[in-house]
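Participant: Below you will find the structure I want to go over with you.
Every read-out reported here was derived from the displayed coordinates using simple, explicitly stated rules and does not represent laboratory data. What you see is a predicted model, and the numbers here were worked out from it, not measured in a lab. A quick note on method: Cβ atoms are made from the backbone with ideal geometry, for glycine too, and the neighbour counts reach across all protein chains shown.
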Amino acid sequence: MFTDMDIRGVHLRLDQGVKTLLEQHNYPAPVANLLTQMLIVACLLSANLKLQGRLSVQIRGGGPLKWVMAECRQLSNDPEHPFRVKGMAQFDDGIAAQASLADMIADGRLIITIEPDKGQRYQGIVTVDQATLAECIESYFYQSEQLPTHIQLVSTSEGAAGFMLQRLPQALANEHQADLDWELVHALATTLTEHELAQLPANQVLHRLFHEQQVKVFTPKLVEQQCDCSRQRCGAAIIGLGKVAVDDLLAEQDAIVIDCHFCNQHYTFDKVDCYVLLEQDTMASEASSSVH
Ligand SMILES: [Zn+2]
């Protein structure tokens, strides 16, 4: 947070955890790089909003990359609670090693969904019509909230990191001064090279860019790669199918296997498991209806 200016920023670097997430899948390099950048964006936006809840960033398109999604969950703003991330991509074969965002996505839409633990769910959608994800996010904020925003993202063999600056939305006492402040800070931020962003720790990035400005630095938080799938949630999905659909599936196969597309975990429900679930559900709904 800049002490004398209505501007705040977030810096994030990802290392081993995200590699684990990406190695679980066989993503082509441009898909892995985009997904990494989307994971970074999800955390930057979540931190910037001090959100308690979920924030997801998705791109859906008609090109070879059908859907790519990253989600950040934050239990609390307490530094002891890490950001928990998960992400996945669905794509056709044949994405070239040098494919650009435009090559991978045709008629794409960028969808940002915010689900606070308490309060209203919010969703914003913009067209993917910029060359990079960072420019798409800047354009999103300009279109949806008229908030000047600077985002720089890097995902290369050198490292994966992101840096975001945004003007605070509240009414300003001196708008002209705030414009000048933003121009200065933004101009300084744009001097950060991709190499520096990928390599330097947060305090060095801050010093490199803003050693002449007064900034307040907050306690850093960790980012953990952690899926929130569970046997219980998959069981609920089987109950959601209903008895007729479960009968049909089990007529053709011995078990229903649910694969988590985020973490590659497999959950197997054999016939006994499935019918016990459906039975328990029937008993639960009978019990609840007899209460009235
Ligand atoms: Zn999972």
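Participant: Taking the Cα centre of region 231-285 as origin and charging only Cβ (+1 Lys, Arg; -1 Asp, Glu), how large is the dipole, in debye to the nearest 20?
Facilitator: Approximately 240 debye in magnitude.
Participant: For LYS221, which lysines qualify as cross-link partners when the Cα separation must be under 29 Å and same-chain residues fewer than eight apart are set aside?
Facilitator: LYS19, LYS50, LYS86, LYS118
Participant: Report the GluC sites (Glu not before Pro) located in region 122-189 that are in a DSSP loop and have at most 16 other Cβ atoms inside 10 Å of their Cβ, or state none.
Facilitator: Here the sparse-neighbourhood loop sites are GLU158.
Participant: Give, in nm to one decimal, the length gained when the segment between GLU194 and GLN16 is fully stretched (0.36 nm per residue of separation minus the Cα-Cα distance).
Facilitator: Answer, rounded to one decimal: 62.1 nm.
Participant: Helix check for the chain. Which DSSP H runs span at least 24 Å along their own axis by Cα, with a mean Kyte-Doolittle hydropathy no less than -0.5?
Facilitator: 29-49, 271-291
Participant: Continuing with the same structure: What does the net charge come to around CYS234 if you take all other residues with beta carbon closer than 15 Å to its beta carbon, with K and R at +1 and D and E at -1?
Facilitator: -3
Participant: Quick one: order PHE269, PHE163 by neighbouring beta-carbon count within 10 Å, fewest to most.
Facilitator: PHE269, PHE163
Participant: Oh, and also: I'd like the distance between the alpha-carbon centres of region 224-249 and region 74-107, rounded to an integer number of Å.
Facilitator: 24
Participant: Pick from ASP179, ASP254, ASP15 the residue whose mean-square fluctuation is largest in a GNM of the chain, springs joining Cα atoms under 10 Å.
Facilitator: Ranking ASP179, ASP254, ASP15 by mean-square fluctuation puts ASP254 first.
Participant: Which of THR156, THR219 has the fewest other C-beta atoms within 10 Å, and how do the rest follow up to the most?
Facilitator: Starting with the residue having the fewest Cβ neighbours, the order is THR219, THR156.
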